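Step one of this worksheet: look at the structure below.
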Amino acid sequence: MKLPIYQIDAFASEPFGGNPAAVVPLDRWLPDARMQAIAQENNLSETAFFVAEKGAYRIRWFTPLEEVDLCGHATLAAAFVLFTELGYRGDMIRFLSRSGDLKVTGDGQLLTLDFPSQPPLPCAAPGILVEGLGRQPVECHQGEDYLAVFASQEDIAAIEPDFAVLAKLDRRGVIVTAPAEEYDFVSRFFAPALGVPEDPVTGSSFTQLAPYWSHRLGKPQMTARQVSRRGGDVVCELAGNRVLISGPAVKFLEGWIEA
């Protein structure tokens, strides 16, 4: 069986930046084990698969270790493939997912994800989190991930995680964040339990970051940078119970899977 595959750098305007995702368009679903094997072979933080369904597209995302409920950068990458490679004619794509309906619109060089807002709740920082990050956050919140807030961008850059310790946490991963001078805030994201020690740019993390920073800063629209080694700029906006997450994307490669 030959399957088309694209590798897209999401939240990047040129190759080698942002977060790479593999995108595999399908006519029909493969067995779960086969999709998981493809994701493991790709060895990227996410591989997205989608199938056309009733005027929309059913989308699923796999890390090298397991399927996840929501992924931002791979959704951005899938929309980019539909808009630029597969001849999609509309200005809005609707994806059906485990996390409900997700919309992606195109506006010039930017694509915008319309995702559910997931405000995190304050909590005490677990000892494992403090041990794994090597330092005590100023604040800690919890939702799908732990959100650890620090005082400065320098604090975020200085974190050297113990991934074996962080993998023991009872959440998907850990977001670390702080205010910044050139942006409203910066962040990093660690998910070693999913086989993603540090994710370069994590679109879904902004469903938690946007409501936190919007409340703290008193404004709906913000600019942010995920300060991983590759790095990426994100514009996010809190719109009621939704978060709009915007960024560019660029194609790195296309080919065929012989599987």
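We did not get these values from a lab; they are worked out from the coordinates using the rules stated. Worth saying up front: this structure is predicted, and the values here are computed from it rather than measured. Cβ coordinates were reconstructed from backbone atoms using ideal geometry, including for glycine residues, and neighbour counts include every protein chain displayed.
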message: Just want the answer: with Cβ charges of +1 for Lys and Arg and -1 for Asp and Glu, which residue in 92, 239, 65 is farthest toward the dipole's positive end in the chain?
response: 92
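Among 201-212, 60-71, 152-163, how do they line up from the highest to the lowest mean number of other beta-carbon atoms within 10 Å?
On the way: 201-212: 28.2, 60-71: 20.8, 152-163: 14.7.
Packing proxy ranking, top to bottom: 201-212, 60-71, 152-163.
Calculate, in whole percent, how much of the Cα-Cα pair population of segment 121-234 lies beyond 16 Å.
Details: 3441 of 6441 pairs.
Tail fraction, whole percent: 53.
As a check on your grasp of the helix formula, calculate [θ] at 222 nm for the chain: sum -39500 (n - 2.57) over DSSP H runs of n ≥ 4, divide by the residue count, round to the nearest 500. Before the final figure, lay out the partial values.
Numbers: 6 runs with 53 residues, N = 259.
For the chain, the value works out to -5500 deg cm²/dmol.
Let me check against my output: what whole-number percent is the relative contact order of segment 121-234, with C-alpha pairs under 8 Å and at least 6 apart? Working shown, then result.
On the way: 222 pairs, mean separation 22.4, N = 114.
With pairs under 8 Å counted, the relative contact order is 20 percent.
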field: Highest average packing first - 78-88, 11-21, 121-131, Cβ atoms within 10 Å
entry: 11-21, 78-88, 121-131
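Taking the square root of 5 times each eigenvalue of the Cα gyration tensor, what semi-axes in Å does the equivalent ellipsoid of the chain have, largest first? Kindly include the intermediate steps, with their values, before the conclusion.
Values: eigenvalues 171, 84, 51 Å².
Equivalent ellipsoid of the chain: 29, 20, 16 Å, largest first.
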